[in-house]
Structure formats: C-alpha cells, structure tokens
Amino acid sequence: MSVRRLAEPTVQPASFAFSAENAAWADLAIAKYPEGRQQSAVIPLLMRAQEQEGWVSKAAIETIADMLGMPYIRVLEVATFYTQYQLKPVGTKAHVQVCGTTPCMVRGAGELMDVCRSKIHHDQFHTNESGTLSWEEVECLGACVNAPMVMVFKDTYEDLTSERLAEIIDAFEAGTPPQPGPQTDRFYSAPASGFTSLTDEQAIQDNAREWREKRKQAWSADAATATGETATPPSQAARPKTDAPETNPAIKSPSPEKASPAAESAESVKAPVGNAAEANKAEPSVEGEAKQRQSGADKDGDQGLKAPELHKGEPVGADAKGEAASDASVTSAGKDQAGNPDADAAGKSGGKDGEAS
Ligand code: FES
C-alpha cells in the first residue's frame with residue numbers, strides 16, 4: 001500500500017475542461033441519477049477525465065467537484081483512494097500495468113518488470129525520455145489463469161514471455177497496438193497444453209445417441225405402464241425387512257387364543273402388603289430366621305435409649321435398670337409377668353402403652 005498524492009505543482013495544469021463530446025457525455029451521466037444524488041457520478045466523471053487527459057490533475061478534480069456541487073476534499077478522497085486513477089502524467093502511448101500478485105509472479109512477472117525497466121524507465125510511474133511510455137506494478141487483474149499478464153489502458157495481454165512483452169511495448173511505441181488476449185496459440189483460458197477431455201467429437205456424438213435411445217425406450221415403457229398395457233407386480237422395495245417375531249406376517253393379531261382370568265389369578269403371587277402376618281416378618285438375612293416382629297410395649301427395659309422427654313421424670317439409664325431389678329416382677333410397661341396391669345407402675349408411666357412404646 002503506497003501513499004497516493006497529487007503530482008507536483010510543476011506538472012499540474014492551470015485548468016481543466018471536458019471536450020465538447022465528453023461534456024455532453026458527462027451531462028448524460030449525471031442525469032442518470034435521481035434528483036439530489038448527482039454526486040454519485042463522481043467516479044465515472046473522474047475516469048472520463050483520465051481517459052481525456054491520460055491522468056487526473058488537481059484542476060480536473062476541482063472542476064468535477066464544481067460540476068457535482070461537492071467539496072473539493074470529497075472528490076480528492078475518491079481520486080486518491082482508487083488506484084485506477086493515475087495522479088501523475090503517464091505515457092501518452094502506453095502505460096503498462098504489470099500484475100505482480102503471486103500467480104503472475106511465479107509465472108515470470110519479475111522478468112516482465114525487468115523488461116519495463118530496460119525499455120521504459122528504471123522506476124515505475126516515470127515516463128521514458130519522450131514521455132510516450134510508463135509502467136507500474138499492480139495487484140491481481142483477474143486473469144490469473146493466463147499468467148503472467150499486463151494491462152495497457154483497457155486491454156490485457158496474457159501468457160506473456162519477456163520477448164513478447166518487449167515486442168508489445170515496441171508496437172505501442174510505433175503506434176500499432178497488437179491484438180490483446182493470450183499471446184500464444186492458446187484458446188482464451190483453455191488448457192495451455194491442449195484439451196484433456198472431450199477430445200473425440202465422434203465418441204461424444206455416439207455416446208449422446210446411445211443415451212437418447214435409452215431414454216426413448218424408458219419413456220415408452222413408462223407410457224405403456226401408465227396405460228395398463230403391462231402388468232407389473234407390486235414392488236417389495238419399500239416393505240420393511242426384519243427378523244423380529246412380532247413382525248412375522250404369519251402372526252395374526254388379535255390372537256384367537258384367550259387366556260383364562262381365573263387361571264392367571266391362581267398363578268399370581270399375592271402382594272405382601274395384603275398379608276399382615278407375612279408383611280410383619282423380619283427378613284431371615286437380618287434375624288437368622290423368619291421371626292415375627294415385636295410390637296407394642298418395650299419388653300427389654302431399654303428405656304434409657306429413648307428420648308428423656310418420653311419418660312416424664314422417670315429415672316433413665318442405670319437408675320431405671322436398678323429400679324427394674326428391684327421390682328423384677330413388674331415390667332416397665334406397668335404389667336406383671338403374667339401380663340396383668342400393675343396399678344403402681346401404670347400410675348408412674350401414665351398407664352398408656354403408647355407413651356412407653
Ligand atoms: S495474479 Fe496476475 S492476474 Fe491474477
């Protein structure tokens with residue numbers, strides 16, 4: 001990216017004006033845009049000025065700005081942004097733009113620039129002594145498949161060699177520009193070494209004829225089927241293929257064999273929740289044997305394991321066991337060994353089994 005500045009004041013013309021033909025063209029170009037949008041014509045007008053003068057001068061920029069009612073700086077921004085605008089005088093007969101992007105560079109663009117250095121000027125953007133030729137290196141010009149290439153004004157010259165570019169420059173200098181395009185016998189962008197496919201025209205025609213015949217036969221068969229002339233069995237292609245027994249077409253559904261509800265009930269296992277005696281049995285793996293769980297009053301005298309507030313002032317722990325030992329015939333549930341309620345013990349415990357359990 002280079003800084004683009006206007007040419008030195010010494011080469012700037014004092015004024016600029018479109019020719020009569022170009023002025024008429026400029027009026028038409030401006031009229032293409034809707035009212036209030038005339039400034040959109042700035043790019044084509046700048047390009048037209050360059051085609052007339054060969055480059056874009058400061059006077060041309062200001063004249064076009066006046067024509068479009070634009071500040072000078074706005075037109076200057078456009079002219080200095082786009083590299084298509086030449087801001088310095090170029091060769092009057094040819095300005096050679098050499099593509100220096102990778103595809104062209106690997107195909108010999110460096111040698112082409114050497115030709116320009118030797119035949120035009122050592123540095124780009126400088127004209128030769130007579131002012132008829134100049135050159136510059138540019139980025140890709142979109143003809144990479146025909147690399148290396150150059151562009152002179154609006155024409156491209158492709159598939160170049162150093163020798164051919166030298167001849168082209170001489171031809172422009174002589175005022176006889178050569179025909180643009182590939183500079184070899186290559187057909188536009190076709191393979192440089194000749195066609196690699198579709199080379200036998202007879203084979204292509206035979207193939208096409210065979211394809212048309214097959215298509216015709218297929219069309220006739222379809223038409224005959226549509227009119228019922230042939231009986232085509234239904235296709236099995238969309239039928240699912242599976243070994244699962246439930247998809248066996250031999251199995252009819254619903255089954256004609258009905259199960260007996262009474263026989264099913266007899267074979268069923270009763271749910272434990274419906275049998276209180278069974279449900280209340282401890283697991284043999286826990287007790288060693290199927291054993292009925294204890295319920296009701298605490299028979300082991302382990303009141304010390306219960307929360308104190310449940311004893312309502314009764315001695316707990318060792319004291320409670322000592323008392324129980326001294327009164328061995330009375331259980332902590334207020335019953336004697338025969339299971340009869342003990343009035344004294346029942347009074348201490350409140351006389352309720354529920355409180356002791
Ligand atoms: S790289 Fe040269 S034309 Fe694209």
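The values are calculated or read from the model by the stated rules, or taken from the named source; none is laboratory data. As the structure is a prediction and not an experimental result, all values here were calculated from the model. A quick note on method: Cβ atoms are made from the backbone with ideal geometry, for glycine too, and the neighbour counts reach across all protein chains shown.
None of Q217, Q205, Q183, Q179 is within 16 Å of the ligand (Cβ to nearest atom) and either touching a strand residue (DSSP E or B) at 6+ places or on another chain (Cβ under 8 Å) or not charged (D, E, K, R) (or both) except Q183. Only residues that are small (G, A, S) and in contact (Cβ under 8 Å) with a residue 12 or more places away in the chain were counted in the range 8-55, giving 9.
Just one of the listed residues (R5, R107, R74) is in a helix (DSSP H, G or I), touching a residue at least 40 places away in the same chain (Cβ under 8 Å) and either over 30 Å from N146 (Cβ atoms) or of a type in the set (D, E, K, R) (or both), and it is R107. Taking the numbered list (1) modelled with pLDDT under 80; (2) within 30 Å of K119 (Cα to Cα) in turn, A171 passes all entries but (1). Among the residues of the range 28-61, those that are part of a helix (DSSP H, G or I), within 30 Å of A94 (Cβ to Cβ) and in contact with a Leu (Cβ under 9 Å, 6 or more places away or on another chain) comprise A29, A41, V42, L45, K58, A60, I61.
Only strands (runs of 3 or more DSSP E) whose full extent lies in the range 110-166 are considered here, and the ones with at least 1 residues that are of a type in the set (A, V, I, L, M), within 14 Å of the ligand (Cβ to nearest atom) and closer than 20 Å to G181 by Cα are 133-138, 150-152.
Inside the range 89-109, residues that are buried (at least 20 other Cβ atoms within 10 Å of the Cβ) and within 10 Å of the ligand (Cβ to nearest atom) make up a count of 4.
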